[in-house]
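The values are calculated or read from the model by the stated rules, or taken from the named source; none is laboratory data. Remember, it's a predicted structure, so these values are computed and weren't measured experimentally. All Cβ positions, glycine included, derive from the backbone under ideal geometry; neighbour counts span all protein chains shown. Surface areas here come from the heavy atoms of the whole protein model, side chains and all, with no ligands, DNA or RNA. Shrake-Rupley method; radii C 1.70, N 1.55, O 1.52, S 1.80 Å.
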Amino acid sequence: MDRITIRRPDDWHVHFRSGAMLKTVVPFTARQFGRAIVMPNLVPPITTAKMAAAYREEIRAATPADADFTPLMTCYLTDDTDPADLVAGHRKGIFTAAKLYPAHATTNAQHGVTDVAKIHRVLGAMEEHGIPLLTHGEVTDAAVDVFDRERVFIERVMEPVLERFPALRIVMEHITTSHGAEIVRRNKTRMGATITPQHLLFNRNALFQGGLRPHMYCLPILKREEHRRALRKAAIGGETCFFLGTDTAPHLRHLKEADCGCAGVFSAPVAISAYLHVFEEENALDRFEGFASLHGPAFYGLPPNEKKVTFVRKSADVPKEFAVSKDSELICLFGGGQVDWSPAREDKGLVA
Ligand code: DOR
Ligand code: ZN
């Protein structure tokens with residue numbers, strides 16, 4: 001198969017940041033995807049409906065006029081989240097979901113939740129009003145090995161939350177282990193999971209291939225090969241609880257190539273090509289539309305996009321760097337290399 005036409009996909013997990021960075025990265029997502037769940041871990045974090053509405057305007061202003069793109073906003077949960085503001089924001093169509101970052105788990109998570117017991121009232125309101133909970137599924141306990149933090153989060157946090165809030169809808173974001181895939185499967189009537197391209201493409205060896213590879217570093221960190229295999233099985237299996245979420249997470253190059261480098265892989269320009277590579281390798285291109293364009297909307301109770309996009313099996317160079325300003329840039333997944341699938345619309349280049 002050299003050509004694939006599917007409904008326009010959505011990206012159920014992106015980081016746009018703000019300011020010059022946002023202006024640089026939004027067009028890549030907006031040109032390829034119909035909608036995107038926009039993560040709220042800004043400085044300061046997006047914690048109120050008012051902030052989310054203003055942030056949505058900033059994204060709209062950076063969206064190319066010819067792009068058919070809708071940003072879906074999320075609320076950053078803190079120990080002090082006001083359930084009334086969250087529910088009102090959801091009712092007004094400002095908030096699509098709320099994100100749980102365990103405090104200090106990742107980039108800009110310092111205002112996150114210190115103990116889930118502190119947000120029980122908020123989770124109860126979300127359960128009542130059908131607001132999905134999106135989770136960064138890692139414990140922050142320094143005694144837990146960094147490669148085990150997802151598994152331990154499932155035991156210590158996810159299982160009790162599932163039990164306490166039996167109707168709460170939950171997305172386990174960017175699953176990286178067989179344990180993540182399993183708990184989602186077991187609770188598929190109300191759980192979903194996003195899966196990133198990097199966790200389908202690479203195992204943890206990629207972090208150390210020939211030396212330390214800061215652009216492969218993200219959180220949750222890449223895991224062993226057996227987990228990558230389990231994630232591939234989940235992504236290609238046609239199970240509706242698994243859907244596309246790139247977790248494209250841009251950080252300026254000098255902040256990744258540093259003595260304490262930031263976590264995040266910037267993948268937006270090559271996102272669909274990267275997933276297509278995986279599905280082709282698995283001989284599962286016929287399952288790609290479900291993963292990319294149908295399962296996510298079904299979870300969120302939204303219609304799939306009407307428009308279609310076509311990708312062709314044709315290699316394209318990926319720029320080594322993407323400039324953000326005169327003297328700062330981003331390094332993209334596959335930067336300086338090639339992708340083997342490209343949008344059919346040549347005029348639009350890599351990110352049709
Ligand atoms: O690698 C990551 N980068 N993981 C996250 O959870 C956050 C993200 C970011 O915002 O940079
Ligand atoms: Zn993320």
Non-local amide H neighbours of V113 (under 5 Å, H modeled in plane, Pro and chain starts lacking H): which ones? Y101, A103
Return the carbon/sulfur percentage of the accessible area of the chain, one whole number, probe 1.4 Å, all protein chains in place. 49 percent
The long-range amide H neighbours of T70, using H built 1.01 Å from N in the peptide plane and a cut-off of under 5 Å, are R35, A36
For the stretch 108-115, Karplus-derived ³J(HN,Hα) couplings (6.51, -1.76, 1.60; θ = phi - 60°; whole Hz; x for glycine and proline) come out as 6, 9, 5, 9, x, 7, 7, 7
Dipole size in debye (nearest 20) for the chain around its Cα centre, Lys and Arg Cβ +1, Asp and Glu Cβ -1? 540 debye
Per 0.36 nm of contour for each residue apart, how much would the distance between L302 and E57 grow if the chain were fully extended, relative to their Cα-Cα spacing? 86.1 nm
Using modelled amide H (1.01 Å from N, peptide plane; none on Pro or chain starts), what sits under 5 Å from the amide H of K223, excluding residues fewer than 5 places away? R204
Percentage relative contact order, the chain, counting C-alpha pairs under 8 Å, at least six apart: 18 percent
Rg/Rh for the stretch 215-352, where both radii come from Cα atoms and Rh is the Kirkwood radius: 0.98
With -39,500 (n - 2.57) per DSSP H segment of 4 or more residues and division by the full residue count of the chain, the 222 nm estimate, nearest 500 deg cm²/dmol, is -8500 deg cm²/dmol
12 Å reach of a label modelled at Q338, 7 Å along Cα-to-Cβ, counting backbone N of the stretch 177-221: none
Could you give the accessible area per residue of the chain, probe 1.4 Å, as a whole number in Å²? 41 Å²
Extending each Cα 7 Å along its Cβ direction at D2 and E282, get the distance between those two points in nm, one decimal. 2.6 nm
For the chain, Kirkwood radius (reciprocal of mean inverse C-alpha pair distance, Å): 20.1 Å
Return the sequence-ordered ³J(HN,Hα) values of the stretch 234-242 in whole Hz as given by the Karplus equation 6.51 cos²θ - 1.76 cosθ + 1.60 applied to θ = phi - 60°, using x for Gly and Pro. 5, 5, 8, x, x, 6, 6, 6, 10
Cleavage-rule hits, trypsin sites (Lys or Arg not before Pro), the stretch 47-78, DSSP coil, Cβ neighbours within 10 Å at most 14: none
Scalar couplings 3J(HN,Hα) for the stretch 32-39 by Karplus 6.51 cos²θ - 1.76 cosθ + 1.60 (θ = phi - 60°), nearest whole Hz, x for Gly and Pro, are 9, 10, x, 9, 8, 7, 9, 6
